[in-house]
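Since the structure comes first, as structure tokens, the remarks are kept for the end.
The values are calculated or read from the model by the stated rules, or taken from the named source; none is laboratory data. On a predicted model such as this, the values are computed, not experimentally measured, just so you know. Note that each Cβ is placed from the backbone with ideal geometry, even for glycine, and that neighbours are counted across all protein chains shown.
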Amino acid sequence: MPAPPCASCHKARAALRRPRSGQALCGTCFCAAFEAEVLHTVVAGRLLPRGAVVAVGASGGKDSTVLAHVLRELAPRLGISLQLVAVDEGIGGYRDAALAAVRRQAARWELPLTVVAYADLFGGWTMDAVARSTAGSGRSRSCCTFCGVLRRRALEEGARLVGATHIVTGHNADDMAETLLMNFLRGDVGRLARGGGLGSPGEGGALPRCRPLHLASQKEVVLYAHFRRLDYFSEECVYAPEAFRGHARDLLKLLEAARPSAVLDLVHSAERLALAPSARPAPAGACSRCGALASRALCQACALLDGLDRGRPRLAIGKGRRGLDEMGPPGLHRGQVQTPASEAVPSF
Ligand code: SF4
Ligand code: ZN
């Protein structure tokens, strides 16, 4: 059966059906709609003020690649400038290839790129060294626990280095829904209290962070990359987790099969979530070592590094620290299957 005409331009043949709305669109109209929706997310949420210098956390994976591409298209209208900031975690056989993809993107799009390395920022610690140090203690889970905390810090440092006023990351709606489910399942009130998808306003001197793709489904991110012919890195990290996130992802797939709007419903729920005053965690103070926001004497990053330096990494991820990312990271490096464009493009 021939494809129907595009429901937007009525000229070209439709090349896809939008996964959630079922609307049949040609590739050009789909990409235009996707970009308009991200623009609306940024403007309606007042995420990036005019004049903002925006550090894009660039991993080379599909989400950050799509984010950088869309923001580059929108930058003149938003009045913002972009800087790519990539983090080299020091993972042999993985990160070098991913960074090569980021370098190609920066060159093609003529965007400034800065790479910050764990080894330089964290007293010589690379993820490979952390993995060796934590071997035998639930290795893959520990790796992502450390890496999630350290990457957040590294991205902050890189963004400051380039004079950024804001940080954006490529988390999509599926990532957000998985994280919300995990926070509920673990009873992580601290994270639930910090709310939904829009990001953090920059408490405690940290740069404001936001997630302009937080309403975009993973399938549509893949479709956008496909129709814009974006070059991204899709292999999984060698420490890809067998972590709690995988269970949340499986659960979400079941929910989505029964109720296609489940992902977005969860994201919207998170935005409206309000905890009773008695359930809210106490306000955080400052880390005694680095000054970052901390609910204990040391912030998460300093506590992890302290444990590593003492040769007792388990101390830093034990009781009371389950709020650290034992769930494994969202996005490319999570070891999640990249939905191939051929699967994501519905055929007629
Ligand atoms: Fe770090 Fe991601 Fe690899 Fe885990 S999967 S070690 S978070 S890069
Ligand atoms: Zn600290």
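Please go through (1) closer than 23 Å to Cys144 by Cβ; (2) in contact (Cβ under 8 Å) with a residue 24 or more places away in the chain for Gly79 and return the number of the only condition it doesn't satisfy.
Checking Gly79 against (1) closer than 23 Å to Cys144 by Cβ; (2) in contact (Cβ under 8 Å) with a residue 24 or more places away in the chain, the one that fails is (1).
Given the condition within 15 Å of Pro212 (Cα to Cα), among the hydrophobic types (A, V, I, L, M, F, W, C) and in contact (Cβ under 8 Å) with a residue 12 or more places away in the chain, answer yes or no: does some residue in region 15-32 qualify? Before you say what the answer is, go through the steps one by one.
Step one: of region 15-32, the residues within 15 Å of Pro212 (Cα to Cα) are none.
Within region 15-32 (the criterion being within 15 Å of Pro212 (Cα to Cα), among the hydrophobic types (A, V, I, L, M, F, W, C) and in contact (Cβ under 8 Å) with a residue 12 or more places away in the chain), the answer is no, since none of the residues qualifies.
Pairs under 9 Å by beta carbon, first residue over 16 Å from Ala55 (Cα atoms) and assigned by the TED database to the domain that holds Ser234 in region 97-123, partner among the acidic types (Asp, Glu) and modelled with pLDDT under 95, six or more apart or different chains?
Ala97/Glu235; Ala98/Glu235; Ala101/Asp231; Arg104/Asp231; Arg108/Asp231; Gly123/Asp309
Scan region 113-120 and tell me whether some residue there is under 30 Å from Glu35 (Cα atoms) and acidic (Asp, Glu).
So in region 113-120, the residues under 30 Å from Glu35 (Cα atoms) come out as 113-116.
With acidic (Asp, Glu) added as a condition, the list becomes none.
The answer is no, given that none of the residues of region 113-120 is under 30 Å from Glu35 (Cα atoms) and acidic (Asp, Glu).
One line per residue, one yes/no per condition, for (1) surrounded by 21 or more Cβ atoms within 10 Å (Cβ to Cβ); (2) modelled with pLDDT under 80:
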{"position": "Ala262", "(1), (2)": "no, no"}
{"position": "Asp265", "(1), (2)": "no, no"}
{"position": "Gly285", "(1), (2)": "no, no"}
{"position": "Asp306", "(1), (2)": "no, no"}
{"position": "Ile317", "(1), (2)": "yes, yes"}
{"position": "Glu326", "(1), (2)": "no, yes"}
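Spot the failing condition for Leu213; the list is (1) out of contact with any strand residue (DSSP E or B) (no Cβ under 8 Å at 6 or more places or on another chain); (2) within 16 Å of ligand 1 (Cβ to nearest atom); (3) in a loop (DSSP other than H, G, I, E, B), and only one is missed.
Result: Leu213 fails condition (2) only.
Against the conditions (1) modelled with pLDDT of 80 or more; (2) surrounded by 15 or more Cβ atoms within 10 Å (Cβ to Cβ); (3) away from ligand 1 (no atom under 16 Å from the Cβ), where does Ala301 fall short? Just the number, please.
(3)
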